[in-house]
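Comments concern the structure below.
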Amino acid sequence: KNQDPFRNVYSIFNHKDILFGNLETSLTETGSKTDKAVVLSTNPKNIKFLKKADFDVLNLANNHILDLGEEGFAKTIRTLQENNMGYVGADYKNTPEILFLEQKGIIFAFLGYSIGRFKTSPDVHINKIRERKILADIDLVKNKCDFIIVSLHWGTENVFYPSPSQIKLAHKIIDHGATLILGHHPHTIQGIEEYNNGLIVYSLGNFQFDPKLSQSKSNKSMIVSVKFDKNRIFGYDIVPVSIKEDIPELMEQRFIEKYMEFISKISEPINRKISRLWWFQEIGSEYLSNNIHSYKMRIGKYGIFHLIEFILWLFTPFCLCCYVGIISKKIRVIF
């Protein structure tokens, strides 16, 4: 399209000191495509839009950064470096570094991690979500900065609640010294929690991304603006956005109140400790239907191997927990 995808949200971006985003694509159109239902890549020239928006930190630790293989990954890193754009979570031929940024005398350290298994050569380094690794990295930087911000690509797609294990890990990260956690991957927003002088945004949702690609049932999302002084987070604002095809724009005023009520609604269960059974009751049907759709696409594109994988997947422990959740929720409704 060659149109600026951020043109409708500059009124918000223009007031920022630091702008963070999750870059879930390869900045190249060449490379070896992975066997996925959806492969994400873009012309490297489109980095001009990221530069115009003035992104300061881009997270690369995500499950689509290798969609065009190691070649696409290396070209993405090179394009970012050539354009002097800061990134965290992954690197080529280098261990991912922690990014330090200073604004108005306040020093921030950014770290990035992702779920997923990555079969790569030793040249490709992607930080995986491992509790010990994250806490060790926090120890490395806590005396070198005022605030630590952790980016986590995690969670279950198209559901509105983080799992009990995510909540437990998020609390450990904050308790260990981080101040802000920015989550993404589910393609929907999830709740926000204020915890131990820190802030946890469990999922930012989609942004410059076509909701249809992710089977998302909502084209609504948000920008989160967090305010710091030298000692603490002293407030945050939620800016609701709507996504038209793949272009974010500020939500119409008539929808905002209801949307803010929805954010409060999905945040409330986090504070009363989500149980595993309750969580599987809430997410079971959505998880199964999304993955069945994905497997159908992959089987159609790539054949019998993915059919065998699909059959085995149906009997994984996570799927079995989903079946229990669906059945127990129906029983709960009946009684």
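The values are calculated or read from the model by the stated rules, or taken from the named source; none is laboratory data. This structure is a prediction, so every number in the text was calculated from the model and none was measured. Don't worry about glycine lacking a Cβ; one is built from the backbone with ideal geometry, like all the others, and counts go over all protein chains shown. The protein model used for the area step is the full one, side chains on, heavy atoms only, and it has no ligands, DNA or RNA in it. Shrake-Rupley method; radii C 1.70, N 1.55, O 1.52, S 1.80 Å.
Side notes on the structure shown:
- Farthest positive-ward along the chain dipole, Cα basis, beta-carbon charges - from M85, S214, H176: S214
- Counting 0.36 nm for each residue step from R332 to E71 and taking away their Cα separation leaves a gain of 88.9 nm.
- Label point 7 Å beyond Cα of D17 along Cβ direction - residues of segment 149-187 with amide nitrogen under 17 Å: 149-150, 179-181
- Amide H contacts under 5 Å for S151, placed H, 5+ residues apart: L111, G112, Y113, L182
- Shape of the chain, Cα gyration tensor, a/c cut at 1.5: rounded
- Proximal lysines to K48, defined as alpha-carbon separation beneath 20 angstrom and excluding residues fewer than eight positions away on the same chain: K1, K16, K75
- Estimated FRET transfer efficiency when R0 is 22 angstrom, pair K93-R117 (beta carbons, to 0.05): 0.60
- For K273, a cut-off of 29 angstrom between C-alpha atoms picks up these lysines, skipping any fewer than 8 places away in its own chain: K128, K133, K142, K168, K172, K217, K220, K227, K258, K265, K329, K330.
- Residues of segment 232-265 with amide N under 11 Å of the 7 Å Cα→Cβ point at N8: 241-252
- Percent accessible area from carbon and sulfur atoms, segment 143-249, protein chains only, probe 1.4 Å: 46 percent
- Model label sites at S32 and I304, defined 7 Å from Cα along the beta-carbon direction, differ in position by 2.3 nm.
- Dipole magnitude of the chain, debye to nearest 20 (Cβ charges: Lys/Arg +1, Asp/Glu -1, about Cα centre): 680 debye
- Full-stretch length increase - D237, K144 - with 0.36 nm per residue and alpha-carbon distance subtracted: 30.7 nm
- Accessible surface ranking that places the most exposed of H15, H184, H293, H171 first, with a 1.4 angstrom probe: H15, H293, H171, H184
- Gain on full stretching of the segment that runs from I311 to D246 - 0.36 nm per residue minus C-alpha separation: 20.1 nm
- Å² per residue, accessible surface of the chain at 1.4 Å: 51 Å²
- Proximity of backbone amide H atoms, modeled 1.01 Å from N, is registered between S41 and S26 at under 5 Å, excluding neighbours fewer than 5 places apart on the same chain.
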